[in-house]
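**Student:** Handing you this structure, nothing more for now.
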Amino acid sequence: MGKVVAQAIMSLDGYVAKPDNTIGRLFDWLQNGEIASPTPAGDFDVHLTPPSSDHWQRWVSSLGALVCGRTLFDVTDGWQGRHTLDVPVVVVTHRVPSDWVEAHPEAPFTFVTDGVAVAVAQAQALAGDRDVTVTGGTIARQCLELGLLDEVAVDLVPVVMGEGNRPFFGKLSAEDVLLGNPTVCVQGDRVTHLVFPVVR
């Protein structure tokens, strides 16, 4: 079984989206390098610097499934039925979007209405030996508080948003959580790739 990793592209002041759910300059680094690589779904190419390209390829090849919340699913319209990373997606929701499911019968999406822990377990079953990536601040926070995370991966972008609608984790219900020293620290162009182990 692979790891469960919370992942985000994050501003220097801790946000993953603006108040209107747009991302501003957060994804600029995906198009500022000389190495062109298609996304796994083939929907567009990223253009990365060599350090970021190496990091990206290692990360993409490790993925087996993705867990997200309903907000991210709605903002992206479910990636039109095929995620950019071309892995099965487990969506945590209070209500299954029946119309969307009927319109996308072949989409590898699973909708879970009975909690984050069940969603992660289903994603692990889908991922096999590969990693499960948890994305979206609310879902990442719940996984952290439930002790489900093995690592936290941050693509830290040197931009200050000043305010945002989506902090990576948001307000914890308990005390601060101290992570371990980074096991990955890769300096790209206008991004630093960091991976922190979760200390249990």
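Computed from the coordinates by the stated procedures, all read-outs in this text should not be read as laboratory data. Keep in mind that this is a model prediction, so the values were computed, not measured. Neighbour counts run over all protein chains shown; Cβ positions are idealised from the backbone, glycine included.
**Student:** Work out the FRET efficiency for THR39 and ALA174 from their Cβ-Cβ distance, taking R0 = 25 Å, and round it to the nearest 0.05.
**Tutor:** 0.10
**Student:** Could you work out the local net charge near TRP29, counting Lys and Arg as +1, Asp and Glu as -1, over the other residues with Cβ closer than 11 Å to its Cβ? Spell out each step's value before the answer.
**Tutor:** Details: positive: ARG25, ARG190; negative: ASP28, ASP155, ASP189.
Net of charged neighbours comes to -1.
**Student:** Select from VAL177, PRO97, CYS68 the residue farthest towards the positive end of the dipole of the chain; place +1 on Cβ of Lys and Arg, -1 on Cβ of Asp and Glu, and compute about the Cα centre.
**Tutor:** After comparing all options, I get VAL177.
**Student:** Assign unit charges at the C-beta atoms only (+1 for Lys and Arg, -1 for Asp and Glu), then state the dipole size of the chain relative to its Cα centre in Debye, rounded to the nearest 20. Don't skip to the answer; put the middle values down first.
**Tutor:** On the way: 13 positive and 24 negative charges, 66 e Å.
Once rounded to the nearest 20, the dipole reads 320 debye.
**Student:** Okay, next question. Please express the shape of the range 64-134 as an equivalent ellipsoid: the semi-axes are the square roots of 5 times the eigenvalues of the C-alpha gyration tensor, given largest first in whole angstrom.
**Tutor:** 18, 14, 10
**Student:** Could you tell me which GluC sites (Glu not before Pro) in the range 83-187 are loop residues by DSSP with no more than 16 other beta carbons within 10 angstrom of their beta carbon? Walk me through the intermediate numbers first.
**Tutor:** Details: sites: GLU102, GLU106, GLU145, GLU151, GLU163, GLU175; in loops: GLU106, GLU163, GLU175.
Hits after loop and neighbour filter: GLU106, GLU163, GLU175.
**Student:** When DSSP beta bridges are limited to those with both residues in the chain, what percentage is antiparallel, rounded to the nearest 5?
**Tutor:** Values: 17 of 40 bridges.
Counting DSSP beta bridges with both partners in the chain, the antiparallel share is about 45 percent.
**Student:** Please go through the range 1-105 and write out the chymotrypsin sites (Phe, Trp or Tyr not before Pro) that DSSP classes as loop and that have at most 14 other C-beta atoms within 10 Å.
**Tutor:** For chymotrypsin sites (Phe, Trp or Tyr not before Pro) across the range 1-105 that sit outside H, G, I, E and B with at most 14 neighbouring Cβ atoms in 10 Å, the list reads PHE27, PHE44.
**Student:** Around HIS104, what is the net charge, scoring Lys/Arg as +1 and Asp/Glu as -1 over all other residues with Cβ under 11 Å from its Cβ?
**Tutor:** -3
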